[in-house]
Amino acid sequence: MIKAKTNQKNIIAIGDFVSYNDDLQITEIEKRKTILQRMDPLNPRKRHILGANIDQVYITFAIKSPDIDIAMMDRYILAAKKGNLTPIVVINKIDLAEDRELVDHLVSIYKAIGIKVFAISAETGLGMKELIKSLNGKTSIFSGPSGVGKTSLINIIAKKDLEVGDISSKIQKGRHTTTYSSLIPLDEETFIIDTPGIASFSLFDVDVNEALEYFSDLNKPLGECKFRSCTHTHEPKCKVKEAEEKNLISLVRLTSYREILEKIQSKEPIYK
């Protein structure tokens, strides 16, 4: 039986391949090819593994009810890239959008940096056919905050009838209905993982250079900054700050970058 001191909140995660003995006790965990992890909300020194040996993560948010959290979305993408997963953004409930301007803007900025985006409505079925097709032959995990419609998506994809939660009208956050992660086979080569809603997603073991690499598109409008190590916050002759002053840069993406960078530099967990 495995006993070990570790910095992991959970020694075994969904997606792990293991060996076991005649008493069905796990004796070994095979080396993980990919991993999706976050900082444990209760202990910043530990990591919480959400899934292992997964091909792609469908980072699922709603455009409204609850409102989309773009900075959390970017933290998910960073964590996916860190763990060698393919990040895919799913923006659900677009039928609730008062206008499509924000949806279209998010689709354009993420596609521009090579991130696949599905703008869908599980309620109306809009975009679902293309999303389902993208699952073929892969092991995929759906993760995101509570109330964004992950379980509704799983019900449509897997033709199941899992319990779906409502939204708290007082705080506009989803109620948890999925209480544990579950692996659902669609065919012999296609698997999906449903996960509980995430209230917080703090990055674990991600440094400033990794954040700068992910947000490297920010300085494209005006070229390279004077200093190669520029963090685009206080340095002189910063092209990102110049682009910001001339409205040549996405403020949505810049705001997200600065929030993430501040937390990485301060080594503070993010509790939202």
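Close contacts from the range 203-220, counting a first residue that is more than 13 Å from residue 74 (Cβ to Cβ) and a second that is assigned to a helix (DSSP H, G or I) and among the β-branched types (Val, Ile, Thr), with Cβ to Cβ under 6 Å and a gap of 6+ residues or different chains, come to 208/264; 219/240.
Where residues in the range 181-209 are open to solvent by 50 Å² or more (accessible area, probe 1.4 Å) and charged (D, E, K, R), which of them is nearest to residue 36 (Cα to Cα)? Steps first, please.
Just the residues of the range 181-209 that are open to solvent by 50 Å² or more (accessible area, probe 1.4 Å), to begin with: 183, 185-189, 191, 199, 205, 207, 209.
Cutting the leftovers down to charged (D, E, K, R) gives us 187-189, 205, 207.
Details: 187: 23, 188: 23, 189: 20, 205: 12, 207: 16 Å.
It comes out as 205.
Going through the range 7-20 one residue at a time, which ones are part of a loop (DSSP other than H, G, I, E, B) and open to solvent by less than 50 Å² (accessible area, probe 1.4 Å)? Break it down into steps so the answer makes sense when it comes.
Kept after step one, since they are part of a loop (DSSP other than H, G, I, E, B), are these residues of the range 7-20: 7, 9-17.
Listed by number, the residues that qualify are 10, 13, 14, 15, 16.
Among the residues of the range 97-134 satisfying the criterion of being assigned to a loop (DSSP other than H, G, I, E, B) and closer than 18 Å to residue 76 by Cβ, which is most open to solvent (accessible area, probe 1.4 Å)? Among those residues, the one meeting the criterion is 114.
What are the residues in the range 178-232 that are within 22 Å of the chain's Cα centre (by Cα) and polar (S, T, N, Q), if any? Correct list: 178, 179, 181, 182, 190, 195, 200, 202, 209, 216.
Hey, can you tell me all the residues within the range 193-247 that are in a helix (DSSP H, G or I) and within 30 Å of residue 42 (Cα to Cα)?
Keep residues of the range 193-247 that are in a helix (DSSP H, G or I), which gives 208-214, 216-219, 239-245.
Correct list: 208, 209, 210, 211, 212, 213, 214.
Within the range 63-84, identify whether any single residue is open to solvent by less than 70 Å² (accessible area, probe 1.4 Å), part of a strand (DSSP E or B) and aliphatic (A, V, I, L, M), and answer yes or no. No, because not a single residue in the range 63-84 is open to solvent by less than 70 Å² (accessible area, probe 1.4 Å), part of a strand (DSSP E or B) and aliphatic (A, V, I, L, M).
The values are calculated or read from the model by the stated rules, or taken from the named source; none is laboratory data. Only a predicted model underlies this, so the values are computations on that prediction, with no experimental measurement involved. Glycine gets a Cβ as well: all are built from the backbone with ideal geometry, and neighbour counts include every protein chain shown. Heavy atoms of the whole protein, side chains included, go into the accessibility calculation; ligands, DNA and RNA do not. Shrake-Rupley method; radii C 1.70, N 1.55, O 1.52, S 1.80 Å.
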